[in-house]
Amino acid sequence: MKTIRLDTVDSTNTYAKQNAVNFSAHEITCITAEAQTAGRGRFGRHWVSPKGTNLYATFVFRLPLETMHLKSLGQVMAASMAKLLISEKLHPQIKWPNDVLLGGKKLAGVLCETEFHRDFVQVFLGVGLNVNMDRGELETIDQPATSLKNETGRVWDKAALLQKLQAQFASDLEQFKHAGFEPFHNLFENLLAHKGQVVRCFDGKKTWEGICHSLTSDGQLNLYLADKTMHTVIAGEVKGDGK
Ligand code: BTN
């Protein structure tokens, strides 16, 4: 894996998209920055990206057009992040599809963007992890958020975390290329936030309300509706407890 380290950038995902033609077609290129001036979240949201305190990274790589379960790639990154946190003796949860929570609050988010070319898919898989952000800064975020420092009371080494995430993701991506989401299904379902609880999920058109039940083998969410039918949500965002 090649790492490109930037100081300040608008967004590592935007930079990656603008420069993708210069990156290797055969290995992962990882773009990281100390600060982002226009960090992007899902659904056009802003990602708070102050200098020096957090991890902002975008993994750039190509996949064959026929790759299985492409829609669940963001979830693979969330699984990689969760495995890293578990190896650090923490107890993360994953809020479907790919928010990583600690103590019920958002610790990391994933933004997966793709471009379809004639014979490959170019992937820009961005991940933001709140590492050493203090409580005051966390309160500026428009949803309940936390950082590793806030949860554990100590300062974390960003470079060491990035190195571990890179190794974990590189190995997870190889598995994904061969077997799709299946190898991540169990871990993901075990870590699923709000499992067994009533949640609401907006799929871009309609808000579905039901019990957060399980995942399909390719990572979609099964909601058990009040009319006793199961509804599978392909894209969207889960909201529980009014958050
Ligand atoms: C979300 O939860 O809404 C996704 C947040 C993704 C943030 C990361 S930080 C690195 C990369 N660059 C961006 O502009 N966004 C992603």
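The values are calculated or read from the model by the stated rules, or taken from the named source; none is laboratory data. These figures come from a predicted structure and were not determined experimentally. Counting neighbours? That spans all protein chains shown, and the Cβs are built from the backbone with ideal geometry, glycine included.
Is it the case, given these coordinates, that T146 is of a type outside the set (D, E), within 16 Å of the ligand (Cβ to nearest atom) and farther than 20 Å from R5 by Cα? Yes: the conditions hold for T146.
If you go through segment 178-194 one residue at a time, do you hit one that is in contact with a Ser or Thr (Cβ under 9 Å, 6 or more places away or on another chain), over 14 Å from A108 (Cα atoms) and at pLDDT below 95? No, there is no match, as no residue in segment 178-194 is in contact with a Ser or Thr (Cβ under 9 Å, 6 or more places away or on another chain), over 14 Å from A108 (Cα atoms) and at pLDDT below 95. For segment 142-157, the tally of residues that are in contact (Cβ under 8 Å) with a residue 24 or more places away in the chain and surrounded by 13 or more Cβ atoms within 10 Å (Cβ to Cβ) stands at 8. Output the number of residues of segment 124-140 satisfying the condition of being within 18 Å of the chain's Cα centre (by Cα) and either aromatic (F, W, Y) or more than 13 Å from the ligand (Cβ to nearest atom) (or both). Final tally of qualifying residues: 1.
Test T32 against the criterion of being in a loop (DSSP other than H, G, I, E, B), within 16 Å of the ligand (Cβ to nearest atom) and touching a Ser or Thr at 6+ places or on another chain (Cβ under 8 Å), and give yes or no. Answer is no for this residue. Here F59 meets each of (1) loosely packed, with under 13 Cβ neighbours inside 10 Å; (2) within 15 Å of the ligand (Cβ to nearest atom); (3) within 27 Å of D157 (Cβ to Cβ) with one exception, condition (1). Among the numbered conditions (1) assigned to a loop (DSSP other than H, G, I, E, B); (2) within 12 Å of the ligand (Cβ to nearest atom); (3) not charged (D, E, K, R), the only one that Y15 does not meet is (1).
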